[in-house]
Amino acid sequence: MNKYILTLTILLGAVTLAHSQKTIEKKIKADNQETVMKFSFADDIILEAWNKNYIELIVQVNIDDNQYNDYYSLELDEGNEKIEMVEKVDFESIKKLKGKKELCNFNTTLNYKLKVPNNLNIKLETISGEIELIGCQGEMSIKSISGFIDYSIPQSHKANIELSTVTGDVYSNVKFDTKVADKISWVGTNQELSLNGGNTEVELKTISGDIYLRKY
């Protein structure tokens, strides 16, 4: 191979490697602690229940075509009574590197996928993240400003579900104890629904996103 072509190939390979997607993987022991997640800038957040006593977390990070991935971090505090995960993106340092003093746009993609213990007590907050909850049966407080919330509910789950959206819609094919149709749709609503007599408190709130309640 021509020396120039070989050198160019190596350099291009180095550039590709330097700008590759950042992936964070963690296993976090969870023994009934309250688990707080603050993923302000998330795009997609998937929480899927399983029958293990730890959380398996995968985060995929892409900031401006992977150029500034190192300015993302996840602060993790594993306490005996509470687990806290807080997303941090150092936008100020990125702006300085880009040479722009004023607020500038960032092409940011942050995706979270978590497998969590079935009965984990969860508090989750995000700005515009799209949230999917699959089979979770612990106490939950789930809040998004503009993202949707999609909850697949085990049919045997005993829950009191408080849901709220200001301008979004609510769709459900779950048969609740309260007198609502099997298939229901509300626009901009506050509802308190009981399932199988209720026991576990679940709060689902979004301002402009939709809420989906599905049989699981």
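Observations on the structure shown:
- Of the residues making up the range 149-162, just one is of a type outside the set (Asp, Glu) and within 17 Å of Ile127 (Cα to Cα), namely Ile149.
- Test: residue in the range 92-102 that is surrounded by 13 or more Cβ atoms within 10 Å (Cβ to Cβ) and closer than 28 Å to Gly209 by Cα: no
- Pick from the range 15-30, criterion at pLDDT below 95 and of a type in the set (Ser, Thr, Tyr), ranking: nearest to the chain's Cα centre (by Cα): Ser20
- Only listed residue being at pLDDT below 95, within 26 Å of Lys175 (Cβ to Cβ) and out of contact with any Ser or Thr (no Cβ under 9 Å at 6 or more places or on another chain), chosen from Gln67, Gln155: Gln155
- Single match in Lys123, Lys113 (criterion: within 30 Å of Glu92 (Cβ to Cβ), at pLDDT 95 or above and either over 23 Å from the mean Cα position of the chain (by Cα) or surrounded by fewer than 17 Cβ atoms within 10 Å (Cβ to Cβ) (or both)): Lys113
The values are calculated or read from the model by the stated rules, or taken from the named source; none is laboratory data. Values in this document were obtained by computation on a predicted structure and should not be read as measured data. FYI the Cβ positions are ideal-geometry reconstructions off the backbone, even for glycines, and counts take in every protein chain you see.
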